[in-house]
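The values are calculated or read from the model by the stated rules, or taken from the named source; none is laboratory data. None of these values were measured; they are calculated from a predicted model. Cβ placement follows ideal geometry from the backbone for every residue including glycine, while neighbour counts extend to all protein chains displayed. Each accessible area value is taken on the protein alone, full model and side chains, heavy atoms only, with ligands, DNA and RNA left out. Shrake-Rupley method; radii C 1.70, N 1.55, O 1.52, S 1.80 Å.
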Amino acid sequence: MTAQLPNTSVPGSTAVLLPTTDCPFNVTAVDQEGLGPGQSLAPLCTLCCCGFINRTLAVVFMVSLAFAIVVGNVVTLTVFVQTRQSRTPQGYLKVSLAIADMMVGVLVVPFSIYTEISLMVTSAPPIWYQGSSVSPAAPWQPCMLIGPVFAGCTFVSISTIFLMTLERSVAILRPLHKDALVTRRRSLFLILLSWAASFLLALAPLIFSRNFTLEYNECSRMCNYTPLLLGSQLPPDANILLLFPTFDFTLLGGTLAVNIVSFTSIRRYSRKRKLLSEGSLSDGGGGAGVGGACAHRPSFSDIKAAKTIGILTFAFTASFSPIAVFVLGNVVGYTWCNFSFLAFWILTGNSCCNVIIYSVRDHRFRKGVTLLFQRDHSPPHGEKS
């Protein structure tokens, strides 16, 4: 029967929560007390977490997911880079989102695959596993890189979807001012700002506190922020992790609010267009009012793009919801090992959803993918411009 560690969980970000479980693999220095000289701490996990079949299925899932994320986002980036029509503020935002997603598939998921295979082959933790929480002389902990990368990319995805929503709302609500308000220079500046702010936020617990480390968690199969216990108590500055859910929920809430405003306007325009087509709307202003309304309506492509971004927002919110439930359960003291795996990896799986949404909703993207995979086809210049 495995020992059960005290509850050291702190509500945190979508990618950096430390699950409270009955089978944690990573431990802090306080848990090493009582071990004799030369003794090492064996992995503390039950069959539900560490069984051979369980690990094998997890590795197969991770490999498939990493392949889908990398291939899907490479195709997305290639299409957007090669198509001149995509060199717009919206296109730059989509490229930023694809880069953040691809980093998850290139760095975060392969690291979990490597760790799981190492545990299957050697039945022992890697030499770097316990990191600085056990001894200052311990090898460098790779989770000190992988954890902030996953957290930062998650924040970048949230902020980029928020910026995409704002860009489409300007096109819907102020179509005549869109080109003046949303420029390439402003878009690139906001993209760089979102990346810098996201990764600064991801590193905040390590920069502003010495009471946190990052360790690989057996249940979530992810690198999680871990507070270093002071005796049996959390450090006094553990609340710094509350920055993560505050950032997530604020931007998601803002995105949903902007989407509601945009779709309300789209519905109003659609109703007016229907009345115009049926001849039921009189031009009481001598026709000028109706003509002005028509001139100020957003284009069909802008409306369709807004709906596509709304679907992106819904997909991200759906993938984020299990983490939100996990946070609430974590706060009230539930220990959900298997659910923590589902919550973290459902969010990770969102990194390969965008290319599917683009393929279904964006005919230009579908055309770009078709041209990309046609071997003996040299598209004329007119099709790209």
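Each residue in the stretch 212-237 was checked for being open to solvent by less than 10 Å² (accessible area, probe 1.4 Å) and at pLDDT below 80, and 3 of them qualify. The residues listed here are LEU252, LEU242; of these, the one that is open to solvent by less than 30 Å² (accessible area, probe 1.4 Å), over 20 Å from ILE146 (Cβ atoms) and outside any strand (DSSP E or B) is LEU252.
Does the stretch 63-85 contain at least one residue that is modelled with pLDDT under 70 and either surrounded by 13 or more Cβ atoms within 10 Å (Cβ to Cβ) or of a type outside the set (D, E, K, R) (or both)?
yes
Of everything in the stretch 183-210 that is among the β-branched types (Val, Ile, Thr) and open to solvent by 30 Å² or more (accessible area, probe 1.4 Å), the residue that is farthest from PRO227 (Cα to Cα) is THR183. Close contacts from the stretch 344-357, counting a first residue that is open to solvent by 30 Å² or more (accessible area, probe 1.4 Å) and a second that is in a helix (DSSP H, G or I), with Cβ to Cβ under 7 Å and a gap of 6+ residues or different chains, come to ILE346/SER319; ILE346/PRO322; CYS353/ALA315.
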